[in-house]
Amino acid sequence: MVQKLKFSLNAYAYARVSAMSAKLLKAAEYRMLLKMKIAEIARFLEESEYKKEVDMYAIEYEGVSLVERAVSQNLANTFRKILRMSDETMQIILNNYLKKWDIENIKTIIRAKQSDMKNNQIIDLLVPAGCLDKNRFTGLLIENEPEQILIKSGIIDMKYFKEALDVLKHTGNMFYLENQLDKYYYDQLILLSEKIPSGGAGFKNLILTEIDLLNIKNLFDFKKTGQKNIEKYIFYSGLKLNRALLNEMIAAGNLDELSAIVKKSAYKKIVSDAQNNYSKDSFLIGIEMESEKLRLRKAKDMSQLSPISVNKILSYMLRKEIERKNLIKIIKSKQIDLAEDIIKKQIIAG
């Protein structure tokens, strides 16, 4: 029998997170940002919850670099604040959830090392919003071999990665290692979710939904690129895509066939909306955007399940992640003079 985690009521933490949720950017503010120049966006953020981080980075950076670093650091600072005000059990859950940022940073370091990028360039690409801080990542940058980077991170059980490291060593292909890191992350979260009392059911639902969405994204990417041996990259542990349906998707001959199969599933709205709202050339972007919208809806649903639970805090954290993505998309789109109506389609507000 799995021993359940025990929560203590921390009304202060839930009240603080509710107050922080109220300060997330609204749709009207995004519409306003879309009409601003990059320097105006930086000033807008300096007058908001991002002031501390904008002021800190303004000494050395400006424009897109300033905004990108400020919003990423703000995300990290916000999550650390939530961890500080959480009880021990909540910290266990949040730290495990936030390891996805550590995993992404580890992937970034290995990719950059494979490309002979300099350490001072790599450190600027990292988002220290997980368990490992920048000092820890600075230590990882000393290493050049992927295996040593994984070992030194201290968050990876190496017995699961021998095959993926061999593939990388002999082919130079990072994708299998990245895929296995994702699988490892979600497997650990699923194990953790079994220990959460019934009040945290939304957490498990969110994790399993994310697995489904990752499978859908990867399958569409595979069909576009003609990837072989797809089944080795698929996670058969999601919420609503069972093995039979996933195998049917794997066997699809092209994007149209895959779209038709996904439309038979619980995720048909993702494909339908991507087809209706995006051109054929940007269909895969549409899949990604509609998947993010579903994640946002899940976050809101989680928040409603119980106003005083892990669901409320995770809901806010997910919405904060989406806010960071929105701001970075806006400034990077401004940098290349993308039309406002195109940028608008990539913003997820709510």
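We did not get these values from a lab; they are worked out from the coordinates using the rules stated. Computed from a predicted model, the values in this text were never measured in an experiment. FYI the Cβ positions are ideal-geometry reconstructions off the backbone, even for glycines, and counts take in every protein chain you see.
What is the local net charge at TYR14, summed over the other residues whose Cβ is closer than 12 Å to its Cβ (Lys, Arg +1; Asp, Glu -1)? Please report the intermediate quantities before stating the final value.
Details: positive: ARG16, LYS312; negative: ASP87.
With Lys, Arg at +1 and Asp, Glu at -1, the net is +1.
How large, in Å, is the range 22-72 by the Kirkwood hydrodynamic radius built from its alpha-carbon pairs?
Values: mean 1/r = 0.0903 Å⁻¹.
Answer for the range 22-72: a Kirkwood hydrodynamic radius of 11.1 Å.
Does a label point 7 Å from the Cα of LYS26, set along Cα-to-beta-carbon, have any residues of the range 330-350 with amide nitrogen under 12 Å, and which are they?
350
Can you tell which of ILE123, ILE109, ILE59 shows the greatest fluctuation in a Gaussian network model of the chain with Cα springs below 10 Å?
ILE59
How large is the charge dipole for the chain, taken about the Cα centre, if only the Cβ atoms of Lys, Arg (+1) and Asp, Glu (-1) carry charge, to the nearest 20 debye?
Values: 57 positive and 45 negative charges, 181 e Å.
Roughly 880 debye for the chain.
Which whole DSSP H helices in the chain pass both tests: a Cα extent of 20 Å or more along the axis and a mean Kyte-Doolittle value no lower than -1.0?
Passing helices, by number: 63-85, 88-114, 175-193, 201-225, 283-305, 310-335.
Rank LEU327, PHE283, MET302 by how far each Cα sits towards the positive end of the charge dipole of the range 280-343 (+1 on Lys, Arg Cβ; -1 on Asp, Glu Cβ) and give me just the farthest.
About the Cα centre, the residue reaching furthest to the positive side is MET302.
Any idea what the dipole of the range 202-318 comes to, in debye rounded to 20, about its Cα centre with Lys/Arg Cβ at +1 and Asp/Glu Cβ at -1?
Values: 19 positive and 13 negative charges, 58 e Å.
So the magnitude is around 280 debye.
Using the alpha carbons of the range 15-160, what is the convex hull volume per residue in cubic angstrom, as a whole number?
Values: hull volume 20.6 nm³, N = 146.
In the range 15-160, the Cα convex hull volume per residue is 141 Å³.
Report the one residue of ALA70, ILE106, MET56 whose Cα lies farthest in the direction of the positive end of the charge dipole of the range 51-109 (charges on C-beta: Lys and Arg +1, Asp and Glu -1; origin at the Cα centre).
The residue sitting farthest along the positive end of the dipole is ILE106.
Could you rank the peptides 239-248, 128-137 by their average count of other C-beta atoms within 10 Å per residue, with the highest value first?
Working: 239-248: 15.4, 128-137: 18.2.
Top of the packing list down: 128-137, 239-248.
Using the number of other C-beta atoms within 10 angstrom as an exposure proxy, rank ARG319, ARG80 with the fewest first.
Exposure proxy ranking, most exposed first: ARG80, ARG319.
Between GLN148 and LEU284, how high is the FRET efficiency from 1/(1 + (r/R0)^6) when r is the Cβ-Cβ distance and R₀ = 35 Å? Nearest 0.05.
Numbers: r = 35 Å, r/R0 = 0.99.
The value I calculate is 0.50.
In the structure shown, do any of LYS99/LYS240; LYS224/LYS334; LYS51/LYS134; LYS23/LYS345; LYS23/LYS329; LYS195/LYS329 have a Cα-Cα gap over 26 Å, and if so which? Please list the in-between numbers first.
Working: LYS99/LYS240 24 Å; LYS224/LYS334 28 Å; LYS51/LYS134 21 Å; LYS23/LYS345 23 Å; LYS23/LYS329 20 Å; LYS195/LYS329 37 Å.
Result: LYS224/LYS334; LYS195/LYS329 exceed 26 Å.
Projecting each Cα onto the charge dipole of the chain (Lys/Arg +1, Asp/Glu -1 at the beta carbon, about the Cα centre), which of LEU83, ALA266, ALA252 comes out farthest on the positive side?
Ranked along the dipole, the leading option is ALA266.
How large is the Kirkwood hydrodynamic radius of the range 202-318, counting all unique pairs of alpha carbons, in Å?
Details: mean 1/r = 0.0674 Å⁻¹.
Result for the range 202-318, one decimal place: 14.8 Å.
How much length is gained on full extension from ALA251 to ARG111, taking 0.36 nm per residue of separation minus their Cα-Cα distance?
Details: separation 140, 0.36 × 140 = 50.40 nm, distance 3.01 nm.
Gain in length upon complete extension: 47.4 nm.
For n ≥ 4 DSSP H runs only, could you compute -39500 (n - 2.57) per run for the chain, divide by its residues and tell me the 222 nm figure to the nearest 500?
Values: 18 runs with 242 residues, N = 350.
For the chain, the value works out to -22000 deg cm²/dmol.
What nm distance separates the two modelled labels at ASN120 and THR171, each placed 7 Å from Cα along Cα→Cβ?
Here the modelled spin labels are 3.7 nm apart.
Counting pairwise Cα distances across the chain, what percent come out greater than 35 angstrom? If you can, show how the numbers build up before the last one.
Details: 15005 of 61075 pairs.
Of the Cα pairs, 25 percent sit more than 35 Å apart.
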